[in-house]
Amino acid sequence: MTARGLDYLEVQGLTVDFDGFKAVDGVDLTLLQGELHFLIGPNGAGKTTLVDAITGLVPGTGLVRYRHRDLLSMRSHRIVRLGVGRTFQTATVFEELTVAQNLDIAGGVHRRAWQLALARRSMPEYVERALETVGLTALRDRPAGVLAHGQKQWLEIGMLLVQDARVMLLDEPVAGMSAEERQETGELLRRIGSERTIVVIEHDMEFVRSFADKVTVMHAGKVLTVGSVAEIQADERVQEVYLGRTGDAVLADPEAVAAEAAGEVV
Ligand SMILES: Nc1ncnc2c1ncn2[C@@H]1O[C@H](COP(=O)(O)OP(=O)(O)OP(=O)(O)O)[C@@H](O)[C@H]1O
Ligand SMILES: [Mg+2]
């Protein structure tokens, strides 16, 4: 906690070395509570590996400070208990269990094994609250396997809520969602984000434009720049990274891109 009572997570000089290849290379980042922080960058930039290192899934060097602890020296289950949670590019729910049971199990991270009862008749209050927040109350008793892709991502966010994750690192949560689902997801993140520190990895610039307070651009394991959406869009280096390396004009004005694709001169 800072003097103002705001939570934050600080990354300093974080490096992940895979046999000499630095997938993350000296990254500095400050993530503040209440800010929807987006992490963008071309494929292979190191976004997922950065989140993996913060959450203890791959070893890293440097410093990741949260609540006076260095996460790099902690095992992943302890990091979860400290309140740092993440989602994966592909949803990792238990498909054969119901939506509510998935939330109940996720909440078990703060309970002892004997308190975990799959056969429990009524769910804890925080499970009901999480269902409400992520909009899955009507589907609470359906097997998670029948959920649409977008709904699985909401369930995963719900699982972070019942774990009382104060820091949420979301790896491409809106990939494959319809425009409407994206909008709902953005609004959900806004609702839960004021009292949390949320980082969203995303490629879709329209989504980033709509919801980002702050954007960090990664390229080749390094932070290229940090700024508002307007600032990073105006940054020539950012445009070069996207246009030059991948031919993916994600940062350009969508209408101009469409016109270009249609063969018009822009
Ligand atoms: N376990 C690993 N061993 C070796 N190299 C790895 C490993 N995991 C990732 N990499 C490499 O590290 C680089 C960064 O990968 P990462 O998955 O973090 O990128 P990303 O920015 O998340 O990309 P995407 O947008 O495609 O998800 C890539 O070159 C990848 O091939
Ligand atoms: Mg990734």
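The values are calculated or read from the model by the stated rules, or taken from the named source; none is laboratory data. This structure is a prediction, so every number in the text was calculated from the model and none was measured. Cβ sites come from the backbone with ideal geometry, for glycine too, and all protein chains shown count toward neighbours.
The rows are residues; the columns are (1) touching a residue at least 60 places away in the same chain (Cβ under 8 Å); (2) of a type in the set (Gly, Ala, Ser); (3) assigned to a strand (DSSP E or B).
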residue	(1), (2), (3)
154	no, no, no
188	no, no, no
203	yes, no, no
207	no, no, no
217	yes, no, yes
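Conditions tested, residue by residue: (1) of a type outside the set (A, V, I, L, M, F, W, C); (2) in a helix (DSSP H, G or I).
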{"position": "133", "(1), (2)": "yes, yes"}
{"position": "138", "(1), (2)": "no, yes"}
{"position": "159", "(1), (2)": "no, yes"}
{"position": "168", "(1), (2)": "no, no"}
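Can you find, within the range 50-96, the residue that is nearest to ligand 2 (Cβ to nearest atom) among those that are among the polar types (S, T, N, Q) and in contact (Cβ under 8 Å) with a residue 60 or more places away in the chain? Please lay out each step first, then the result.
At the first step, the residues of the range 50-96 found to be among the polar types (S, T, N, Q) are 55, 61, 73, 76, 87, 89-90, 92.
Filter once more, so that each one left must be in contact (Cβ under 8 Å) with a residue 60 or more places away in the chain: 55, 87, 89, 92.
Details: 55: 13, 87: 12, 89: 6, 92: 15 Å.
Selected residue: 89.
This table checks each residue for (1) over 14 Å from the mean Cα position of the chain (by Cα); (2) over 22 Å from residue 242 (Cα atoms); (3) more than 7 Å from ligand 1 (Cβ to nearest atom); (4) among the acidic types (Asp, Glu).
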position: 15; (1), (2), (3), (4): yes, yes, yes, no
position: 21; (1), (2), (3), (4): yes, no, no, no
position: 27; (1), (2), (3), (4): yes, no, yes, no
position: 54; (1), (2), (3), (4): no, yes, yes, no
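The selection criterion, being more than 20 Å from residue 48 (Cα to Cα), modelled with pLDDT of 95 or more, touching a strand residue (DSSP E or B) at 6+ places or on another chain (Cβ under 8 Å) and not in a loop (DSSP other than H, G, I, E, B), holds for residue 192. Can you tell me which residue is nearest to ligand 2 (Cβ to nearest atom) among those in the range 201-220 that are crowded, with 23+ Cβ neighbours inside 10 Å and over 15 Å from residue 170 (Cβ atoms)? Applying the filter and picking the extreme gives 218.
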